[in-house]
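The values are calculated or read from the model by the stated rules, or taken from the named source; none is laboratory data. Note that the structure is predicted; figures quoted are calculated from it, not measured. Note that we place each Cβ from the backbone using ideal geometry, even for glycine, and neighbour counts take in every protein chain shown.
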Amino acid sequence: MTLKQLYSIEEKERIEMTPERKKSILKKYGLSGVNKPKRTPSHPKKSHVVVAKEGDKVKTIRFGQQGVTGDKKPTARQKSFKARHAKNISKGKMSAAYWANKVKW
């Protein structure tokens, strides 16, 4: 079987985001809506979760190191974070760096 044939099979099997499926995902993580991040203090590694939606794509993203706070005032630490992750932040809502920049920094 070729890669092209496998890809077409995966496309057919992809689960569409129906309103019921969207509601169940939001309920699972206790979120109030898509693109609305929430703290997850009981998660062992990540501090936040968000169900990101951009066009037809929907993705669950966990981001942020547990127990670490960002700087809301301009500092050298904040400037370094933004410079280091600039490429990933620019990818938009479907990247963890975008959400970390928006919520934590």
Among the residues that make up the stretch 47-60, is at least one of them surrounded by 10 or more Cβ atoms within 10 Å (Cβ to Cβ) and in contact (Cβ under 8 Å) with a residue 60 or more places away in the chain? no
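State whether one or more residues within the stretch 43-57 are under 10 Å from the mean Cα position of the chain (by Cα) and hydroxyl-bearing (Ser, Thr, Tyr). Give the steps one after another, and end with the answer.
If we filter the stretch 43-57 for residues that are under 10 Å from the mean Cα position of the chain (by Cα), which is where we start, we get 48-53.
Pick out the ones that are also hydroxyl-bearing (Ser, Thr, Tyr) and you get none.
No, the stretch 43-57 has no match at all.
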In the stretch 54-66, is there at least one residue being among the small types (Gly, Ala, Ser), assigned to a loop (DSSP other than H, G, I, E, B), under 29 Å from Lys23 (Cα atoms) and modelled with pLDDT under 90? yes
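Give me the residue from the stretch 90-105 that is under 26 Å from Ser42 (Cα atoms) and in contact with a helix residue (DSSP H, G or I) (Cβ under 7 Å, 6 or more places away or on another chain) and, out of that set, modelled with the lowest pLDDT.
Ranking the qualifying residues of the stretch 90-105, first place goes to Trp105.
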Please verify whether Phe63 is more than 17 Å from the chain's Cα centre (by Cα), on the phi < 0 side of the Ramachandran plot and aromatic (Phe, Trp, Tyr), treating the condition exactly as stated. no
If the Cβ limit is 8 Å and pairs must be 6+ apart or interchain, which residue in the stretch 19-38 that is under 24 Å from Asn101 (Cα atoms) and at pLDDT 90 or above pairs with which residue that is surrounded by fewer than 10 Cβ atoms within 10 Å (Cβ to Cβ) and not aromatic (Phe, Trp, Tyr)? Lys38/Gly30; Lys38/Ser32
Testing Val50 on (1) part of a helix (DSSP H, G or I); (2) within 19 Å of Met17 (Cα to Cα); (3) touching a Pro at 6+ places or on another chain (Cβ under 8 Å), one condition comes back false. Which one is that? (1)
Quick one: which residue in Lys82, Lys46 is over 17 Å from Ile25 (Cβ atoms) and of a type in the set (Lys, Arg)? Lys82
Just the residues that are more than 30 Å from Tyr29 (Cα to Cα) and among the β-branched types (Val, Ile, Thr), please, taken from the stretch 55-79. Thr75
Scanning the stretch 67-81 for residues that are at pLDDT 90 or above, surrounded by 12 or more Cβ atoms within 10 Å (Cβ to Cβ) and either under 21 Å from Lys45 (Cβ atoms) or of a type in the set (Gly, Ala, Ser) (or both) gives Phe81
Suppose we filter His43, His85 for residues that are within 15 Å of Trp99 (Cβ to Cβ) and out of contact with any helix residue (DSSP H, G or I) (no Cβ under 9 Å at 6 or more places or on another chain); which single one remains? His43
So, in the stretch 85-96, how many residues would count as being of a type outside the set (Lys, Arg) and closer than 10 Å to Ile61 by Cβ? 3
